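Here is the structure we will look at.
Since every read-out is calculated from the coordinates, none of them should be taken as a lab result. Note that the coordinates shown come from a computational prediction; the quantities given were computed from them, not determined experimentally. Glycine gets a Cβ as well: all are built from the backbone with ideal geometry, and neighbour counts include every protein chain shown.
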Amino acid sequence: MRGDEKRVVEAFCTYLIREGWSVRTEVDHIDLVATRGDQHLYAEAKGRTGRNGPLDVDTMYGQLLRRMPNDEVGLARFAVVVPEEMARAAARVPARVRALLNIQIYAVSDTNDVRHIDS
């Protein structure tokens with residue numbers, strides 16, 4: 001994991017566990033897979049990577065789209081997880097598109113607090 005991606009993933013894992021999810025990392029090239037009952041969540045994360053934050057966010061969306069399990073589209077939740085300062089770049093994907101694919105945005109602060117970005 002480049003930059004502080006490891007920190008972002010760990011903070012998101014801690015958040016999900018507190019919310020009652022079981023979490024696994026690095027599953028079939030997906031950064032994080034979580035389950036809670038019959039719910040599934042697949043997440044891709046990026047950490048701080050320098051001046052290419054918006055481009056890295058675009059890459060992260062591409063990775064998530066390419067790695068979505070076909071049988072889970074329309075059923076599972078998907079997420080992109082970024083440091084707080086990259087949340088604006090993550091929100092550039094139109095809310096309507098994110099809603100159609102059930103993609104949510106989560107931002108991780110410097111103190112590892114996680115917040116869900118509403119569409």
Given Cβ point charges of +1 (Lys, Arg) and -1 (Asp, Glu) and nothing else, what value in debye, to the nearest 20, does the dipole of the chain about its Cα centre take?
240 debye
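For R24 and D58, compute 0.36 nm times the residue count separating them, minus their Cα-Cα distance, and round to one decimal in nm.
Full-extension gain reported as 9.9 nm.
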Considering only C-alpha atoms, what is the centroid distance from the range 75-104 to the range 29-69, in Å?
9 Å
Mind listing which GluC sites (Glu not before Pro) in the range 1-72 are in a DSSP loop and have 16 or fewer other Cβ atoms within 10 Å?
E19
How large is the convex hull of the Cα atoms of the chain per residue, expressed in Å³ as a whole number?
93 Å³
Loop trypsin sites (Lys or Arg not before Pro), the range 1-88 (other Cβ atoms within 10 Å of the site Cβ: 15 or fewer; DSSP)
R2, R51
Antiparallel versus total DSSP beta bridges in the range 5-119: what percent is that, nearest 5?
55 percent
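If we count every other residue with Cβ under 9 angstrom of P54's Cβ, Lys/Arg +1 and Asp/Glu -1, where does the sum land?
0
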What are the residues whose amide H is under 5 Å from the amide H of H40, where those residues sit 5 or more places off or on another chain and H is modelled from the backbone?
R77
Mean Cα-pair separation over length for the chain, i.e. relative contact order, pairs under 8 Å, 6 or more apart, %
24 percent
